[in-house]
Amino acid sequence: MDEKMNIQWYPGHMTKTRRQMEADLKLVDAVCEIVDARIPMSSRNPDIDAIFGSKPRIVILNRMDLADPKATKAWAAYFKSLGYAVVITDCKSRKGISDFTPAVRTVLAEKIARNAAKGMNKPMKVMVVGIPNVGKSTLINQISGRKGAKAENRPGVTRGKQWVTVDSGLLLLDTPGILWPKFEDPEVGMKLAYTGAVKEDILDVEELAVFLMKLLWTHYPDAVKARYGIDMPTDATGYELLEAAGRKRGFLMARAEVNTERMAKVLLDEYRSGKLGKFTLEMPPVQEVSNE
């Protein structure tokens, strides 16, 4: 598995994107980073803090409708402990969207006050960043009220920077999705694959589902039992669980063998759509949260 995961996922244009972000940083007052609430750490570019340094930050925990609410609350506390403003959203349904502008005003309160004292009424300028497929374009569309993002459809092409006007007091700088060229930690790549952030065809679907099933069985066994009607030992393997679920669903082939590949596709689809329940696959560092 390690060999599969330690590969080049995105071409060299990601390096160009990073350089562009670093150059554009001087044009904005703050940075808004959008992450997947189910995997807040794995859906962050590991170089993000090095790129943006001490720039005022807003973190958007998106897809709250698919994540464990208790875990989302813990992640919000973690990011706040780092000094970031935090907004929890479900961009598709617009939940939490109205909290964005107040969060920007909070994180830029000192700068706004300084400008006001000088009689200046400059708009707030915020760069919006996030890995591909994390919901960045939907977020920008919802905040700005525009119907669709103007994006380059061809993969591997870096779009030019786009300024999006929200109102006279707020401008957003849209950026191409940025992801690191390869994953040193195989689990990070797996989590991104579970949520659909990276192309599924890079990995074996059945292998991916086996790992996901075991992960869910370990942390959310009641949800798995309720959805698939299986009751297996605590130490059951991911494959045994997948096979049991497939048998319950009637996914049988010749000689009563279970079509585990079909069950794998169902599991991934039901996990991503939320039919299985609301799950968060990683928790924040306890020590840092406790220091809030």
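If R0 is 45 Å, what FRET efficiency do you get for Glu206 and Ala23 from their C-beta distance, rounded to 0.05?
About 0.55, to the nearest 0.05.
Hey, can you grab everything whose amide H is under 5 Å from the amide H of Lys125? Only 5+ residues off in sequence or another chain; H modelled, so Pro and N-termini drop out.
HN-HN under 5 Å from Lys125: Asp29, Ala30, Leu171.
Subtracting the Cα-Cα distance from 0.36 nm times the residue separation, let me have the gained length for Ala223 to Glu270 in nm, one decimal.
Length gained between Ala223 and Glu270: 15.7 nm.
How much length would be gained if the chain were fully extended between Ser81 and Arg255, taking 0.36 nm per residue of separation minus their Cα-Cα distance, in nm to one decimal?
Extra length from Ser81 to Arg255 when fully extended: 57.0 nm.
What is the spin-label model distance, in nm, from Thr234 to Ser54 if the labels are put 7 Å beyond Cα along the C-beta direction?
Once both label points are built, they end up 4.9 nm from each other.
Can you work out the base-10 log of I(q)/I(0) for the stretch 204-273 at q = 0.28 1/Å, using the Debye formula on its C-alpha atoms alone?
Those come out to -1.42, one per q.
Could you give each residue of the stretch 40-45 its phi-based ³J(HN,Hα) in whole Hz, using Karplus coefficients 6.51, -1.76, 1.60 with θ = phi - 60°, and x for Gly or Pro?
Couplings: x, 7, 5, 8, 9, 5 Hz.
Rounded to the nearest 0.05, what FRET efficiency do Arg105 and Asn141 give with R0 = 22 Å and r taken as the Cβ-Cβ distance? Could you check?
0.55
We did not get these values from a lab; they are worked out from the coordinates using the rules stated. Values in this document were obtained by computation on a predicted structure and should not be read as measured data. Cβ coordinates were reconstructed from backbone atoms using ideal geometry, including for glycine residues, and neighbour counts include every protein chain displayed.
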